[in-house]
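Undergrad: Here it is: the structure, laid out below.
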Amino acid sequence: MPLTDDEYVARVEGAAASLRARNAAWLEAINHIKVPAVHEAVRAAGLHRPVLVGHSIGGVLATVYAAEHPARAVLNIDQPLLAGPFAEVLRSKKGTARQIKVTGHADASGTPEANQQLSVRRAEAVKEYLVSKGADPAMLTIYGQGSKDPANPADPLAPENRRVEIGR
């Protein structure tokens, strides 16, 4: 039986709140313990701008590391950790007229043009993932905000400013 709009919103908001709380604790541990250890290992190996590959919490670690240190690329091979429940909800709405915004953001470390392009690429990557999990591509509209709407306005270079938000 299809979800009502209110049930849909409540389910998405509940899943998002749960993930935010869980991820906050993980990110705290990653930022203060794991990222410095990984950086020491990268330096000790003589690597510059490595390609980082992560799975599950390792994917989050790779992303946080790349936000603070030079890296050529980050491959997160376990994105269900972050977007799986939302993809499930979207599958239940496939074929409806519902429109979902996928909005990418960047920090202020690049030029406005580069940040805009990066934010669009971030949103496109999330859309591709959701579609790969069964979401209707016609439901998903891509937006890029560049660095115009930081999650942490007090620190325009903060890692939390590099994100993708999904909503209506």
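Bear in mind these aren't lab numbers, they're just calculated from the coordinates by the rules spelled out. Not measured: the values here are computed from a predicted model. Cβ placement follows ideal geometry from the backbone for every residue including glycine, while neighbour counts extend to all protein chains displayed.
Undergrad: Long-range amide H contacts for Lys94: which residues qualify at under 5 Å (H placed 1.01 Å from N, peptide plane, sequence gap of 5 or more or a different chain)?
TA: Answer set, sorted by chain and number: none.
Undergrad: Find the Cα radius of gyration of the stretch 80-168, compare it with 2.2 N^0.38 Å by division, and give the number to two decimals. All intermediate terms of the calculation are to be shown ahead of the outcome.
TA: Working: Rg = 13.6 Å, N = 89, 2.2 N^0.38 = 12.1 Å.
The value comes to 1.12.
Undergrad: Tell me which residues come under 5 Å, amide H to amide H, from Lys148 once H is placed; ignore anything under 5 positions away on its chain.
TA: Ala106
Undergrad: Could I ask something else about it? If amide hydrogens are placed 1.01 Å from N in the peptide plane, which non-local residues have theirs closer than 5 Å to the one on Leu140?
TA: Placed amide hydrogens put Ile100 under 5 Å from Leu140.
Undergrad: Once phi is turned into θ = phi - 60°, what whole-Hz ³J(HN,Hα) does the Karplus curve with 6.51, -1.76 and 1.60 give for every residue of the stretch 111-121, x standing for Gly and Pro?
TA: 6, x, 5, 5, 5, 5, 4, 4, 5, 5, 4
Undergrad: Oh, and also: Starting from the Cα of Lys34, draw a straight line to each of the lysines and keep only those under 21 Å, dropping any in the same chain fewer than 8 residues away.
TA: Correct list for Lys34: empty, as no lysines qualify.
Undergrad: What list do you get for Arg163, Arg49, Arg122 if you sort them by fewest beta carbons within 10 Å? Provide the component values of the computation, followed by the final result.
TA: Working: Arg163 18, Arg49 11, Arg122 21.
Taking fewest neighbouring Cβ atoms as first place, the list is Arg49, Arg163, Arg122.
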